[in-house]
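Encoded as structure tokens, the structure appears first; notes follow it.
Coordinate-derived values only; no laboratory data. No experiment lies behind these values; they were computed from the predicted model shown. Cβ sites come from the backbone with ideal geometry, for glycine too, and all protein chains shown count toward neighbours.
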Amino acid sequence: MSVLTQIDQWPVDNAVCVIIGTGGQILDSYGDTEHSYALASVTKLLSAYAFLIALEEEAITLDDPVGPRGSTVRHLLAHTSGYDFDSEKIRFQPGAKRGYSNVGFDILSHHLESETGITLQNYAREAIFQPLGMTNTTIGGSGAKDGWSTASDLSQFAAELIAPKLLSRGTLDSATNVQFDRVSGLLPGYGNQSPNDWGLGFEIRGRKNPHWTGSSQPTNTVGHFGQSGTYLWLEPELPLACVTLTDKNFGSWSTKLWSPFNDAVHEYYAVENNPFAGAESIQNGPTDQNV
């Protein structure tokens, strides 16, 4: 019996989980992979990837001054700009702490549009969704939280994170390594973390406790969870990725169930060496990065 059947015990109406391994292989899945879910903050992974592509295309730079005085694109991607969670109120000096901010991603979206003449929604569609064949993925009003997708589409995105074709490996490695080292701050739903490690749009597990990933997962595990009851994580070295989507908002149920579930997934697919090694391989789309 698949370890993924544990999601049958979750207090949700709909849930799906897909495990992706080396070369983008689908190691296992459980649930309807074509059902569409609101992503909430998992949207930030898609938006961040669009911003990273724009960096490589030299449409923007990490050092562009954006936001509060002293803040740059790098600060905004790493949640150290000083912005409040959901308003443009300034809470601290840029770089002083980790202040998770939706508005920071909205400011980044406006910056991208001002520099390229293309909205984030269109940029992501042309630069990511179309090349990867993510036909059921959209970003609505906010690049911080208004994405919709399916587990099938996000598995294509996870395969891209494992073996990038739209970005250079160097850019992705930079994005998944800590920016502004040893900075502390509040992790929504899990309290103050010191340090609260983050890359360029990607949360980094580090040694955070408590946390939504499993306690046994590597410290360099990266990803994001969403208030809508969704998450995506990647263990880069194996590699191993997990896409989990539900239709019940994040709350006490998820803080109780997600971490042990992710420990079980890690134990089964990582420690026991990927028992489905001959599984179906995801075929990424064309490698053209132009938008």
For T33: the one exception among (1) under 19 Å from the mean Cα position of the chain (by Cα); (2) not in a loop (DSSP other than H, G, I, E, B) | (2)
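For the range 176-199, give me each residue that is crowded, with 23+ Cβ neighbours inside 10 Å and not polar (S, T, N, Q).
D197, W198
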Looking across the range 223-246 at residues that are buried (at least 24 other Cβ atoms within 10 Å of the Cβ) and of a type in the set (S, T, N, Q), the single one that is nearest to Y269 (Cα to Cα) is T244
Note down all Cβ pairs under 9 Å where the first residue falls in the range 209-220 and is at negative phi, the second is loosely packed, with under 14 Cβ neighbours inside 10 Å, and they're at least six residues apart or on different chains.
-> P210/G191; G214/P260; S215/N209; S215/P260; S216/V271; P218/E237; T219/R207; N220/E237
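For the range 127-143, does any single residue satisfy the condition of being in a helix (DSSP H, G or I), on the phi < 0 side of the Ramachandran plot and touching a Ser or Thr at 6+ places or on another chain (Cβ under 7 Å)? Give the steps one after another, and end with the answer.
Initially, the range 127-143 is screened for residues in a helix (DSSP H, G or I), giving 127-132.
Filter again for on the phi < 0 side of the Ramachandran plot, leaving 127-132.
Still in the list and also touching a Ser or Thr at 6+ places or on another chain (Cβ under 7 Å): 129.
Yes: one or more hits.
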Would you please name the residue that is nearest to S29 (Cα to Cα), looking only at residues in the range 128-173 that are surrounded by fewer than 16 Cβ atoms within 10 Å (Cβ to Cβ) and either among the small types (G, A, S) or free of Cβ contacts under 8 Å to residues at least 12 places away in the same chain (or both)?
-> A163
Those residues that are in contact with a Pro (Cβ under 9 Å, 6 or more places away or on another chain) and surrounded by fewer than 23 Cβ atoms within 10 Å (Cβ to Cβ), I need them from the range 2-22; list them, please.
-> Q6, T22
How many residues are of a type in the set (S, T, Y) and part of a loop (DSSP other than H, G, I, E, B) when one looks only at the range 36-90?
-> 7
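Would you confirm, using the coordinates I've provided, whether G147 is under 23 Å from L76 (Cβ atoms) and either of a type in the set (D, E) or not in a loop (DSSP other than H, G, I, E, B) (or both)?
Working: under 23 Å from L76 (Cβ atoms): yes; either of a type in the set (D, E) or not in a loop (DSSP other than H, G, I, E, B) (or both): yes.
It is true that G147 is under 23 Å from L76 (Cβ atoms) and either of a type in the set (D, E) or not in a loop (DSSP other than H, G, I, E, B) (or both).
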Return the total of residues in the range 207-222 being more than 14 Å from the chain's Cα centre (by Cα) and crowded, with 20+ Cβ neighbours inside 10 Å.
-> 4
